[in-house]
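Below is one structure; the comments refer to it alone.
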DNA sequence: TTTTGTTCGTAAGGTTCACTAACAAACATG
DNA sequence: CATGTTTGTTAGTGAACCTTACGAACAAAA
């Protein structure tokens, strides 16, 4: 650990404070961080010269003393490109502000597996061209198992095994690129923009079922970078539907969108349809109860089609969860839909870039 | 972040390197840490003057050049006191070396709940008196939910609710005291002394069932410091034995020592007894499968009576676990007994002190 | 035995970083 | 207008680590 590392830490501390609390004066930053005004001035001058921070005008004087010059992240001066590879038939890309707002949005049809990388490169290039501001970096949320350096260890949909997606994109685009699992990206978005607590599990329901987990605000990677792969965990001890993986009663066989819609279509009455959703919610609760017990997660966030997840399914999940964990500790566990909608992976990809380039999270 | 924090970090880095790799020269430390020989000399001089490090003699020259002076942690010059409050009828205390070896061991009968604190203070004082070397600190593994500052938020056995055990002991003993949950302490011992990987779940089976979890080498605390409380998670969807908590089919009702011994005593034949153990192992596997899926834990360690856990129970647990998780990722999950025996909580308490006082883990 | 080259540890001096002290600028208030 | 407050900068100090240089101690080769 060298002194320059400490300075990097302090730079990130300032950027993070501005990111979360908005524009403020150098003196405010001094009070907020505990560093002296002198040091703040020095760091801010460096950050301004690097283009990350800008002076945005005087604060109208509200008391005695010299009026303050407000500084803030140069939010208008930078953009982030986010790419969501988790869709079942489209690739979604977007230009986002530092606050995670989507400025430009673009979709392309999912090509054949071999052409995916070239399509992503082309999409990213067009988004960079449309950004009208320097792009801080490119974040990618991809299905499958992704290691800490953006190498896709396994992604059955695309046939990738040990493929260095991050490196390939970085070389082609000449920009900083970060690749992570889609559900792991999503939970970052929920934490940074969705106001979730620091111990949160996000369940992403789509063609498959995956999850992302933060504990103490830190993403859990797992021993083989496979944390979150709960889709093929067997749920319950009473059988269940057959899964594409060959086993019986996987969570994915109960909860994935194709499985749910098929069972809903087969259901005749509204009551039967609600029963299908309640069954799925119960299975989710059964699967998550041991995780809640072992990790003391306080919040479970669902991401996916709201017409399926929001309602009986979520209600039954929280009910089952409370019935199957010790009320004393886990009574407060909440289950809710994300409010990030369809953009959650894009926004999570943006958080990855913010975190990687600015140290903000 | 100030420069002196960086120096503290570097001090801990040296102590940690010596702790794990044993005695070496200043030049070795320089190569190992990346700091220059000059800086190492300066830091080591400080650590020697503080009494944490000692020169232990020359290395016999094996090649050209000036022979090296070896330095090492002053292992003989310090002791740690560990206390295990998780026993059902005794309190165990010990004096340990920095390497986690028990030097002095002492047991006292568990007194009434009100007298526990005074008994612990008395036990700790007598151990400190027997230590024959300066005591670095006192570590305590306690049942129940313990927060990050050693306040016991809930411990039904002792009737503690929001009781500042760490503060009480620190005041009475005048020594640095650290208190944590017993299973969380145990998993630290397994990581530091038992050679487990950095993503490991320890299940502690005794009067109750608890767990401790490391992910990436970091202890998981949970949103309410209740991580690891898996004893009263319902397992399976086919009922099960009644639990003292009022629910049906809790993991504790299947797996705790009292529950297991009662069912073993009721079993007539050896085959029936093995069936009891296999059932319990299966339940453990069912409960842990979602945790393994969500966290990608690579190793599960069991702590408790080996005559119950080691054998059919552990075998069935790993079998069930593999059947219920996706083989592709979690095939390698291992289930094994700890080799730390009965001292695991004591040694874990020692690790807490090492970590708190030296930054070693 | 002498020379050469290697390795260890220390000394001296320079750079980086954040701190303290002091001060000018700009404002509100009595 | 004088006074006090707040902001931000300049100047100087101390801490921490670095680079450079050197003496000590040894092995191997001449």
Exercise. If you build a Gaussian network model of chain A, linking Cα atoms that sit under 10 Å apart, which residue out of A:216, A:281, A:141 swings the most?
Worked result: A:216
Problem set entry | Cα centroid of region B:225-303 to Cα centroid of region A:169-227, whole Å | 32 Å
Seminar exercise, completed: Against the 2.2 N^0.38 Å rule of thumb, the C-alpha Rg of region A:191-294 sits at a ratio of 1.16
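Taking neighbour Cβ counts within 10 Å as the exposure measure, how do A:247, A:66, A:204 sort from fewest upward?
Numbers: A:247 19, A:66 9, A:204 28.
Exposure proxy ranking, most exposed first: A:66, A:247, A:204.
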Problem set entry | Shielding score for B:279-290, defined as the mean number of other chain Cβ atoms within 10 Å | 3
For this session: State the volume of the convex hull built on the alpha-carbon positions of the protein assembly as shown, expressed per residue in Å³ and rounded to an integer.
Result: 206 Å³
For this session: Between the label point of residue B:41 and that of the same position in each other copy, find the distances and list them shortest first in nm, with every label point placed 7 Å from Cα along the Cα-to-C-beta direction.
Result: 3.9
Seminar exercise, completed: Taking a ≥ b ≥ c as the square roots of the eigenvalues of the Cα gyration tensor, with a/c under 1.5 meaning rounded and otherwise prolate when a/b exceeds b/c and oblate if not, region A:125-211 is oblate
Problem set entry | Most fluctuating residue given options A:344, A:40, A:286, as computed from a GNM of chain A linking Cα atoms under 10 Å | A:40
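Given the -39500 (n - 2.57) contribution per DSSP H run of 4+ residues, what per-residue ellipticity at 222 nm results for chain A, rounded to the nearest 500 deg cm²/dmol?
One gets -13000 deg cm²/dmol as the mean residue ellipticity at 222 nm.
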For this session: Could you pull out which residues in region A:42-77 have an amide N less than 14 Å from a spot 7 Å beyond the Cα of residue A:31, following the Cα-Cβ vector?
Result: A:62-69
Exercise. Restricting to chain A, what percent of DSSP beta bridges are antiparallel, rounded to 5?
Worked result: 65 percent
Seminar exercise, completed: When A:69, B:352 are arranged by how many other beta-carbons sit within 10 Å of their Cβ, fewest first, they go A:69, B:352
Problem set entry | Hydrodynamic radius by Kirkwood, which averages 1/r over all alpha carbon pairs of chain B, in angstrom | 21.9 Å
Problem set entry | Where the Cα pairs of region A:63-126 fall when distances are cut into 5 Å bins, in % | 4, 15, 21, 16, 11, 8, 6, 5, 3, 3, 3, 2, 1, 0
Exercise. So what's the gap between the Cα centers of region A:71-125 and region B:309-325, to the nearest angstrom?
Worked result: 44 Å
Exercise. If you take the beta carbon distance between residue B:126 and residue B:242 as r and set R0 to 56 Å, what does 1/(1 + (r/R0)^6) give as a FRET efficiency, to the nearest 0.05?
Worked result: 0.85
Exercise. Å³ per residue of the Cα convex hull, for region B:126-269?
Worked result: 178 Å³
Seminar exercise, completed: Helix A:344-358 sits off the longest principal axis of the Cα atoms of chain A, rounded to the nearest 10 on a 0 to 90 degree scale, by 40 degrees
For this session: Sort A:90-100, B:25-35, B:222-232 for me by packing, meaning the mean count of neighbouring Cβ atoms within 10 Å per residue, highest on top.
Result: B:222-232, A:90-100, B:25-35
For this session: For residue B:164, go 7 angstrom from Cα along the Cα-to-Cβ vector, then report the distances to that same point in the other copies in nm, smallest first.
Result: 5.4
For this session: Just tell me how shielded B:294-303 is by partners: mean number of partner chain Cβ atoms within 10 Å of each residue's Cβ, no decimals.
Result: 6
Problem set entry | Cα extents of region A:260-361 along the three principal axes, largest first (Å) | 53, 36, 16
Exercise. Any idea what the relative contact order of chain B is, in percent, if you count C-alpha pairs under 8 Å spaced at least 6 apart?
Worked result: 16 percent
Problem set entry | Value of relative contact order over region B:28-81, rounded to a whole percent, pairs C-alpha under 8 Å and six or more apart | 24 percent
Problem set entry | Inter-site label distance for residue A:2 and residue A:61 at 7 Å from Cα along Cβ, in nm | 4.5 nm
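Is the shape of region A:7-51 best called rounded, prolate or oblate, per the rule: a/c under 1.5 gives rounded, else a/b larger than b/c gives prolate, else oblate, with a ≥ b ≥ c the square roots of the Cα gyration tensor eigenvalues?
In terms of gyration-tensor shape, rounded.
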Exercise. Inter-copy label distances at residue A:197, 7 Å along the Cα→beta-carbon direction, one decimal in nm, shortest first?
Worked result: 2.9
Exercise. Most exposed first by the Cβ proxy, i.e. fewest other Cβ within 10 Å, how do B:265, A:118 rank?
Worked result: B:265, A:118
For this session: Have a look at B:135, B:146, B:351 and tell me which one the Gaussian network model of chain B (Cα, springs below 10 Å) gives the largest fluctuation.
Result: B:135
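All of the numbers you see were taken from the coordinates with simple rules; none came from a lab. Since the model is a prediction, treat every value here as computed from it, not as a measurement. Positions of Cβ are generated from backbone atoms using ideal geometry, with glycine treated the same way; all protein chains shown enter the neighbour counts.
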